[in-house]
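The values are calculated or read from the model by the stated rules, or taken from the named source; none is laboratory data. Here the structure is a predicted model, which is why all the values come from computation and not from measurement. Please note: Cβ atoms are built from the backbone with ideal geometry, for glycine as well, and neighbour counts cover all protein chains shown. Accessible surface areas use protein heavy atoms only, side chains included; no ligands, DNA or RNA. Shrake-Rupley method; radii C 1.70, N 1.55, O 1.52, S 1.80 Å.
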Amino acid sequence: MNIFLPTILVGTLGLAFGLMLAFFAKKFAVPTNPLVQEIERLLPGANCGACGFPGCSGLAEKIASGEASPNACPVGGPRVWAELSRLLGQESGSWEAKRALLLCQGGEGIAQTVAEYEGVADCKAAHLLPASFKGCRFGCLGLGNCVKVCPFGAIHLDTESHLPVIDWEKCTGCGKCVAECPRNIITLVPKREQVTVACVSLDPGKEVRKLCSRGCIKCQLCVRTCPEGAITFENGRIVISREKCTLCGLCVEKCPTHCIIRVGEKLALLEVKG
Amino acid sequence: MKLRTFPQGVFLPHHKEDTAHLAIVRVPPPSRVVLPLSQHTGAPLKPLVQKGDTVKRGQKIADVDAFVAAPLHAPVSGKVAGIEDWAHPTLGRFQAIVIENDGSSEEFRYDPLPEDIESLEPESLRLFVREGGFVGLGGAAFPTHVKLSPPPDKPIDAFILNGAECEPYLTCDHRVMLERAEDMLLGLRIMVRACGAQRAYIGIEDNKKDCITHLTPLVRDLPFPTEVIPLKTKYPQGSEKHLILAILSREVPPGGLPLDVGVVVNNVQTAAALGRMAKEGIPLVERVITLSGDCLKKRGNFEVPLGMLLEDLVALCDGFTTPPRKVVMGGPMTGITQATLAVPVIKGTSGFLFFAQNVGKPEHSCIRCGRCVLHCPMRLLPYLLGRLAEEHLFEEAETNRVLDCVECGSCAYVCPAGIALVHLIKLAKFEVMRRRKRGGK
């Protein structure tokens, strides 16, 4: 039969190659650290790069060699840290989950637009221009670079205000949007209920009033209102101390431009008032 | 005679007929001038005056102890109303000295230079140029004395006076060459002596034939061989690197300066202003600009004091026929769009253009037609650089020589898909430079 010769030939070749592979796999084996694989299995596997290393395998190597702390992955959070610490026999440090928060409420109809923008739809490119198409040179440009970089799909642009909305359920606090934003308006905050000033403008109040109806006009009414003395005016910006704040909400009510907002646990959505 | 030029580039409708025949008009000094502390490439200045001080016209009001910087002088006499944050045409906002004009004619003048420039020491001439606050008046505003100080290992043999004025609409250099030729040639003598060049060339595009015929007999009297070179009217002929290529057939190496090929290039208006200071002792406090565009009632070439606000200039031109949709400082190809009329004239302002319509095309996807590659005067691949910038692949853009781009805008002009290539390339250049600074490379 004609079928015999090819069967035997291919079969013998297969066997020979198989034996060779088995031999060379032993002979030229690259020693790998089994710990690295074990660590990588515990990491989230999003390869987002938030830790600063090239992907999860990059971090796993660094953790195994002791160059990175087991707490280096901001995405995995305490569960992953605890497991890693157990694996490595180390103490896991104290930790609080963080979330990204946009410190600007100057969306369409609230912040003045002073010019038509016809350049590249990219916040970094728009920020390069000497003049901002939005009157405010500190506020959100709303072109969505943060949306593009978020590896977890936690950010979308609001259809009405054209401001990014960050979903705290999906946000892992990896900080990619914080690094991307050319105007440094997104910041990482502890994931809990808090009161914060949603404006980063350093312009004097008179200017801010012209440019945005939700901007901080530096009237410092909140500083005088706060019964705990938690609010101070430092380097041209209002600062609310999270330690001293009791969430009484007096400043939120008093703020004449509604730029102090209460941020819930679930959503960093703007509390729209008035 | 065959006109000299460089390969690639674009032929543009030059729109110069509106203002090219209009003589320079000296404008009355405004009641207030605003002088930003950064008007040049280099270190920002520190004010030498305080709020409430009285200053004379021509008095030095800001300087800094840095080599790459040029001091600033008061263009009017009056009182310093303050040093405050003000809109800046290229930097957004910047600290600026505001002077209220008191209308008096009090002046401070430097000592004029003696007639015999060639007997003076180059070093003293460079100091004279720095003291006068001279920067390249073509637009880039690079301090002139720095250009005139070649390192000892790079001798200069040729000096080029740039009268190409390849940007459409602008005609201020054209008028200066016609009306201020004597000052300009005196300035040329100072600069040639200061940098040690043996020969000089004046490059002029052949759409300014009157300048070529006017200057050709005048340069024969200069003490060094000087040639007026007619150039083909092609954009970007006024770019330093392309001017050198066209006139001397020398190519400036990537990342290099004209110094590397033994050449110094300066704008004709810089020479004219310098010649004037040598004669009359008035430092750089005024410049000639072109106001043009389809929605301006009265167009023309104006000699304006530095720091005059754009809104005052518009009022001087009797306002607009229709409200402009786009206001550009500089030429339409490399100029910078303005968002407010509260910006002052700075040393690098070659003009303001006002357009009723937006010339931008609607953007489509790139079809790889390669027109940008065909026209890029730096022989780069703009479509690729634009794509890499869009994807934020800045390292790859760097290996594709994004930093060699001169931002002339030829690629975006010819792109049939209307892609804002220069904006994308500027973004990539900015990010590459930022990374280099951070990485300390």
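Quick look at the values:
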read-out	value
Selection count, segment B:85-120, where residues are within 14 Å of chain A (Cβ to nearest Cβ) and free of Cβ contacts under 8 Å to residues at least 24 places away in the same chain	3
The listed residue being within 25 Å of B:L91 (Cβ to Cβ), within 12 Å of chain A (Cβ to nearest Cβ) and among the basic types (K, R), out of B:K361, B:K347, B:K429	B:K429
Unmet criterion (only one of (1) assigned by TED's automatic domain parsing to the domain that holds A:T187; (2) more than 24 Å from A:R237 (Cβ to Cβ); (3) among the polar types (S, T, N, Q)) for A:S65	(1)
Of all residues in segment A:135-145 being more than 13 Å from chain B (Cβ to nearest Cβ) and at negative phi, the one that is surrounded by the most Cβ atoms within 10 Å (Cβ to Cβ)	A:G139
Scan of segment B:85-101 for residues that are surrounded by fewer than 18 Cβ atoms within 10 Å (Cβ to Cβ) and either out of contact with any Pro (no Cβ under 8 Å at 6 or more places or on another chain) or not assigned by TED's automatic domain parsing to the domain that holds B:L35 (or both), ordered by number	B:D85, B:R93, B:E100
Qualifying positions in segment A:123-134 - under 24 Å from the mean Cα position of the chain (by Cα), surrounded by fewer than 22 Cβ atoms within 10 Å (Cβ to Cβ) and facing chain B (nearest Cβ under 7 Å)	A:K124, A:L128
Filter result (open to solvent by 40 Å² or more (accessible area, probe 1.4 Å) and either closer than 30 Å to B:P236 by Cα or part of a strand (DSSP E or B) (or both)) within segment B:102-129	B:E107, B:R126
Residues of segment A:101-122 satisfying the condition of being within 11 Å of chain B (Cβ to nearest Cβ), open to solvent by less than 40 Å² (accessible area, probe 1.4 Å) and within 25 Å of A:G175 (Cα to Cα)	A:V120, A:D122
B:A140 being part of a loop (DSSP other than H, G, I, E, B), under 17 Å from B:A271 (Cβ atoms) and in contact with a Ser or Thr (Cβ under 9 Å, 6 or more places away or on another chain)	yes
Given (1) open to solvent by less than 100 Å² (accessible area, probe 1.4 Å); (2) out of contact with any helix residue (DSSP H, G or I) (no Cβ under 7 Å at 6 or more places or on another chain); (3) assigned to a helix (DSSP H, G or I), index of the condition A:T32 fails	(3)
Qualifying residue in segment B:74-84 (condition: within 14 Å of chain A (Cβ to nearest Cβ), out of contact with any Lys or Arg (no Cβ under 6 Å at 6 or more places or on another chain) and open to solvent by 40 Å² or more (accessible area, probe 1.4 Å))	yes
